[in-house]
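First comes the structure, then the notes that go with it.
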């Protein structure tokens, strides 16, 4: 056999191993996903394993499939294994009905863990040349071992605040009515946002306050199907308006992402407020604040996405109000 033929045969064999590994790990990840969805599999252990341990194991196994004897340096292969692991996780998540937002949130921890898993295989090959296969194969058990810390342990909970401001060329008394009534909003109003232009979350259609003072309710609608309420908890005319979010139906989760709905185990959108601050030159600074709860193994990572997603939605609403006032 010529050298070129041998090289070609080796590449084909690597491709076959990767294909077999991909199919096997798809079933493996699917099994773990099903276990995680059971009542016994809920809690911190499963959440941590889904985010970190499972992609770590997948990255390690793909690295082992590409180079079972540890004869090549990791190099770009580490990134290839991460992409393969991401493909498995994204496929099984999509088949299980996860939304695009949820998958996008998970890509960061998945990729990082898969790369570390691939690097671990290279380290094990270097450290245990003769017993590498035994040690590498044992990594398959890691996701399931993560169940052992506790079947029903709770995720840690943190509270976060997202705040955006805009300066409007108008006095506060001209802006206040628009905080109470925004109707017939068009899809062409506002600005580009990651949440609405990339992940296709419907844009605001209307927000109208019913009643006056503390106890009043603002009825909000996004798109044709999403509705929720904001129950007023503080009302200082031309100065401050605060509310707590109420989700009387599941329309937000149903038409965005069920697992990170605004009133779910992992996320709770809690309160919001508008603050109008008069400026010396006659303009007004309008600030929109949203506070929420996050309960996951990676709350501070999720908070980065909170700034991107919620911050963009807030900016969009503030620009709409400014344009309606005529003080943009």
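Things to note:
- Residue ranges of helices (runs of 4 or more DSSP H) in the range 106-205 with at least 1 members at pLDDT below 70: 132-138, 142-145
- Residue within the range 62-73 that is modelled with pLDDT of 75 or more, surrounded by fewer than 16 Cβ atoms within 10 Å (Cβ to Cβ) and farther than 28 Å from residue 255 by Cβ present: no
- Where a residue in the range 264-286 is touching a residue at least 40 places away in the same chain (Cβ under 8 Å) and its partner, wherever it lies, is part of a loop (DSSP other than H, G, I, E, B) and crowded, with 18+ Cβ neighbours inside 10 Å, with Cβ under 6 Å and at least six apart: 266/296
Residue by residue, here is whether (1) closer than 30 Å to residue 51 by Cβ; (2) touching a strand residue (DSSP E or B) at 6+ places or on another chain (Cβ under 8 Å); (3) modelled with pLDDT under 95; (4) surrounded by 18 or more Cβ atoms within 10 Å (Cβ to Cβ) holds:
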residue: 268; (1), (2), (3), (4): yes, yes, yes, yes
residue: 277; (1), (2), (3), (4): no, yes, no, no
residue: 282; (1), (2), (3), (4): no, no, yes, no
residue: 286; (1), (2), (3), (4): no, yes, no, yes
residue: 290; (1), (2), (3), (4): yes, yes, no, yes
residue: 294; (1), (2), (3), (4): yes, yes, yes, yes
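- Residue match in the range 159-173 (condition: over 29 Å from residue 279 (Cβ atoms) and either loosely packed, with under 15 Cβ neighbours inside 10 Å or without any contact (Cβ under 8 Å) to a residue 60 or more places away in the chain (or both)): yes
- Single residue of 313, 304, 214 found to be in the same structural domain as residue 163 (by TED's automatic domain parsing) and surrounded by 20 or more Cβ atoms within 10 Å (Cβ to Cβ): 313
- Note on the range 217-238: residues that are within 22 Å of residue 163 (Cα to Cα), touching a helix residue (DSSP H, G or I) at 6+ places or on another chain (Cβ under 7 Å) and surrounded by fewer than 16 Cβ atoms within 10 Å (Cβ to Cβ) amount to 1.
The values are calculated or read from the model by the stated rules, or taken from the named source; none is laboratory data. Fair warning: this is a prediction, and the values are worked out from it, not measured in the lab. Glycine also receives a Cβ, built like all others from the backbone with ideal geometry; neighbour counts cover every protein chain displayed.
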